[in-house]
Amino acid sequence: QRPSVAIAMLSEIGGRLRATNELITSLASKNVNEEIEEQLKFGDRLADKIAEFGGSWRFIIAFTLLLFGWMALNSIQLWLRPFDEFPFIFLNLMLSTIAALQAPVIMMSQNRAGKKDRLRAELDYQVNLKSELMLQQLHAKLDEVRAAELQTLQETIQVELSIIRKRLEEFDASAGKKVQ
């Protein structure tokens, strides 16, 4: 009585069947890193490189050497006027500026890492779902094969039983003639 509801239901079922068929027939294994690398812009790549360098031992060692060099140069210069005297206010300003710039860059890089993790989780889910569907199909095929084997076995047993009955009847008939 409500054809629009029936059509909507059939449309939804058809969409789900197409999605399931696409899932089954498509390869679920993708390289998430390649997929994300294609989407990255120049600024994103630069932020990742800066965050990668900022979190390395090379950066820590180089920065430590720079700080000690700065302090030594401005502390030991007795014959010249130091450009940043103790308490090294200009050095503190530069360190604060670097920290203020580096923090958002690291956060952007972490956001992209989180996006990669979400894509990997989605890919793992798709692989698991596809594996589950394939296992269900294999179980169904095994059930069909077993049912066919049982049917064949049952038919073979029926044929064997009919042969045995026939031979028993022949034996009974020949035994009955000998007794008489």
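Some points to look at:
- Any hit, the stretch 120-127, residues being closer than 30 Å to Phe53 by Cβ, touching a Lys or Arg at 6+ places or on another chain (Cβ under 9 Å) and aliphatic (A, V, I, L, M): yes
- Within the stretch 51-71, residues that are touching a residue at least 40 places away in the same chain (Cβ under 8 Å) have Cβ atoms under 7 Å from residues that are surrounded by 11 or more Cβ atoms within 10 Å (Cβ to Cβ) and polar (S, T, N, Q) in these pairs: Ala51/Ser109; Gly54/Gln102, counting only partners at least 6 apart in sequence or on another chain.
- Single match in Ala62, Ala72 (criterion: surrounded by 11 or more Cβ atoms within 10 Å (Cβ to Cβ), modelled with pLDDT of 80 or more and over 30 Å from Glu122 (Cα atoms)): Ala62
- Residue within the stretch 131-154 that is of a type outside the set (Asp, Glu), touching a residue at least 12 places away in the same chain (Cβ under 8 Å) and under 29 Å from Glu34 (Cβ atoms) present: yes
- Considering (1) exposed (fewer than 11 other Cβ atoms within 10 Å of the Cβ); (2) over 30 Å from Asn21 (Cα atoms), the lone condition that Gln110 does not fulfil carries the number (1).
- Hits in the stretch 95-141 (condition: under 30 Å from Leu66 (Cβ atoms), under 25 Å from the mean Cα position of the chain (by Cα) and polar (S, T, N, Q)): Ser109, Gln110, Asn111
- The stretch 72-94: number of residues that are touching a residue at least 12 places away in the same chain (Cβ under 8 Å) and within 49 Å of the chain's Cα centre (by Cα): 1
The values are calculated or read from the model by the stated rules, or taken from the named source; none is laboratory data. Predicted model only: the values in this text are computed from it and were never measured. Using ideal geometry, Cβ is built from the backbone for each residue, glycine included, and neighbour counts are taken over all protein chains shown.
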